[in-house]
Amino acid sequence: NKQVIFRDYVTGFPKESDMELTTRSITLKLPQGSTGLLLKNLYLSCDPYMRARMTNHHRLSYVDSFKPGSPIIGYGVARVLESGNPKFNPGDLVWGFTGWEEYSVITATESLFKIHNTDVPLSYYTGLLGMPGMTAYAGFYEICSPKKGETVYVSAASGAVGQLVGQFAKLTGCYVVGSAGSKEKVDLLKNKFGFDEAFNYKEEADLDAALRRYFPDGIDIYFENVGGKMLDAVLPNMRPKGRIAVCGMISQYNLEQPEGVRNLMALIVKQVRMEGFMVFSYYHLYGKFLETVLPYIKQGKITYVEDVVDGLDNAPAALIGLYSGRNVGKQVVVVSRE
Ligand code: NDP
């Protein structure tokens, strides 16, 4: 069983050497009397929140730390080989928490969703039809209360979550602008995902001026993925009664001291509502989400870009690449295609 082992707690930017590849021999059988599942892992998801699990007891962490010496845990798509749980049968496909290894025994089966629709790429259940897709859906529709004609700004807009938020905003009839960190990503935003405008934030010396250029009348909705300087630049550009969905702040995850935000007064003056949310509070909407999104995919109204790397050997580099913007679209690792 090839595995990606978490070595030890991380400070600052994570490195490939914080993880180690090993091979352990296992018997491909569930332990006697187990109520869990033996899974064959197919696709693994690299997600920004995983940085929080590399830290020991962070005050603001919302997830358990990885255990040094044990495999990395994350979202993935897997096939059930053996089941000790009557809700699952051998051959079922599932998505949810699994290990970064070829085969996993999962006892926390309540976090697994059964996959019923297989006429889409299975890797979509790490992104578009999995946790990031639910995040975009819940964050945009539940937190932002969008209305036709409103102006929407999305940061980290070409990523797993952002590319969908932009497409939801267009389907709602909004004007939407995204920012991302390379020319290739900006081109995708404009030409593939249908954003009205897009810019490379790394090329803007003055973020406030850039936002005023794209939003001369201000921003109704900001979908926050990055935090820090970007949030500071957005706040004075919000329109009265605007909404900010605080989804993530990836620019802060590797800092020992988070950056201060100076322009919070804008919340009062502009009467803006800024609300953080966690996707796991919205999984009860997953059925409704699928009913909405699957037809859009089939009608070609929603498209999705993935950055797929092959093999567990390439998983550590793929994961840390999220924090330098190496990924173009949803970062997926293939363990096995069948
Ligand atoms: P992405 O696919 O967008 O990958 C991360 C991207 O973030 C990189 O490609 C890079 O793009 C950008 N980035 C990295 N470092 C910085 C930086 N210092 N400043 C600005 N941008 C940076 O990730 P996801 O779509 O999966 O996640 C997006 C956000 O949503 C994250 O903050 C994540 O934590 C959050 N999230 C929150 C959830 C919740 O429940 N609240 C659930 C899921 C995700 P670029 O080249 O454009 O810089």
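The values are calculated or read from the model by the stated rules, or taken from the named source; none is laboratory data. On a predicted model such as this, the values are computed, not experimentally measured, just so you know. All Cβ positions, even for glycine, are placed from backbone atoms using ideal geometry, and neighbour counts span all protein chains on display.
Kindly evaluate SER182 against the criterion of being of a type outside the set (Lys, Arg), touching an Asp or Glu at 6+ places or on another chain (Cβ under 8 Å) and within 9 Å of the ligand (Cβ to nearest atom). Answer is no for this residue. When the residues of segment 297-307 are filtered to those that are surrounded by fewer than 16 Cβ atoms within 10 Å (Cβ to Cβ) and under 18 Å from SER123 (Cβ atoms), the one that is modelled with the highest pLDDT is THR303. Among the residues making up segment 105-129, those that are closer than 13 Å to TYR43 by Cβ and either of a type in the set (A, V, I, L, M, F, W, C) or buried (at least 19 other Cβ atoms within 10 Å of the Cβ) (or both) are ILE115, VAL120, LEU122, SER123, TYR124, TYR125, THR126, GLY127, LEU128, LEU129. Within segment 205-214, does at least one residue satisfy the condition of being within 16 Å of the ligand (Cβ to nearest atom), touching a Leu at 6+ places or on another chain (Cβ under 6 Å) and under 22 Å from ARG262 (Cα atoms)? The answer is no, given that none of the residues of segment 205-214 is within 16 Å of the ligand (Cβ to nearest atom), touching a Leu at 6+ places or on another chain (Cβ under 6 Å) and under 22 Å from ARG262 (Cα atoms). Take the conditions (1) out of contact with any Ser or Thr (no Cβ under 8 Å at 6 or more places or on another chain); (2) over 23 Å from VAL279 (Cβ atoms); ASN85 misses just one of them, which is (1). Of the residues making up segment 1-21, those that are surrounded by 13 or more Cβ atoms within 10 Å (Cβ to Cβ) and within 15 Å of the ligand (Cβ to nearest atom) are PHE13, PRO14.
Rundown of residues vs (1) within 23 Å of SER281 (Cα to Cα); (2) in the same structural domain as ASP220 (by TED's automatic domain parsing); (3) within 19 Å of the chain's Cα centre (by Cα); (4) away from the ligand (no atom under 11 Å from the Cβ), yes/no style:
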{"site": "GLU102", "(1), (2), (3), (4)": "no, no, no, yes"}
{"site": "VAL105", "(1), (2), (3), (4)": "no, no, no, yes"}
{"site": "ALA108", "(1), (2), (3), (4)": "yes, no, no, yes"}
{"site": "LEU122", "(1), (2), (3), (4)": "no, no, yes, yes"}
{"site": "GLY139", "(1), (2), (3), (4)": "yes, yes, yes, no"}
{"site": "GLY149", "(1), (2), (3), (4)": "no, yes, no, yes"}
{"site": "ALA156", "(1), (2), (3), (4)": "yes, yes, yes, no"}
{"site": "ALA160", "(1), (2), (3), (4)": "yes, yes, yes, no"}
{"site": "GLY173", "(1), (2), (3), (4)": "no, yes, no, yes"}
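Scanning segment 37-65 for residues that are at pLDDT below 95 and of a type in the set (Phe, Trp, Tyr) returns a single hit, TYR62. Taking segment 194-296 as the region of interest, the strands (runs of 3 or more DSSP E) fully inside it that hold 2 or more residues being crowded, with 18+ Cβ neighbours inside 10 Å and over 22 Å from the mean Cα position of the chain (by Cα) are 219-224, 238-246. Filtered by the rule that a residue be more than 30 Å from GLU110 (Cβ to Cβ), touching a helix residue (DSSP H, G or I) at 6+ places or on another chain (Cβ under 6 Å) and of a type in the set (Val, Ile, Thr), segment 259-298 gives a lone residue, VAL261. All of ASP208, ASP310, ASP232 fail the test of being acidic (Asp, Glu), more than 30 Å from LEU21 (Cα to Cα) and either assigned by TED's automatic domain parsing to the domain that holds GLY74 or in contact with a Lys or Arg (Cβ under 6 Å, 6 or more places away or on another chain) (or both), apart from ASP232. Does ILE26 satisfy the condition of being out of contact with any Ser or Thr (no Cβ under 6 Å at 6 or more places or on another chain) and under 21 Å from GLY127 (Cβ atoms)? No.
Evaluating THR151 against the criteria (1) surrounded by fewer than 22 Cβ atoms within 10 Å (Cβ to Cβ); (2) touching a strand residue (DSSP E or B) at 6+ places or on another chain (Cβ under 8 Å); (3) more than 29 Å from ARG337 (Cα to Cα) leaves one unmet condition, (1). Taking residues in segment 316-334 that are part of a loop (DSSP other than H, G, I, E, B), and partners anywhere that are near the ligand (Cβ under 7 Å from one of its atoms) and of a type in the set (A, V, I, L, M, F, W, C), the pairs with Cβ atoms closer than 8 Å and at least 6 places apart or on different chains are LEU322/ILE250; TYR323/ILE250; GLY325/ALA180; GLY329/ALA160. Give segment 80-118 a look and list any residue that's in contact (Cβ under 8 Å) with a residue 12 or more places away in the chain, assigned to a loop (DSSP other than H, G, I, E, B) and over 23 Å from GLY33 (Cβ atoms), or say none. Across segment 80-118, the qualifying residues are TRP100, GLU102, ILE115, ASN117, THR118.
Which residues, counting only those in segment 22-79, are in a loop (DSSP other than H, G, I, E, B) and crowded, with 21+ Cβ neighbours inside 10 Å? Across segment 22-79, the qualifying residues are CYS46, ASP47, PHE66, ILE72.
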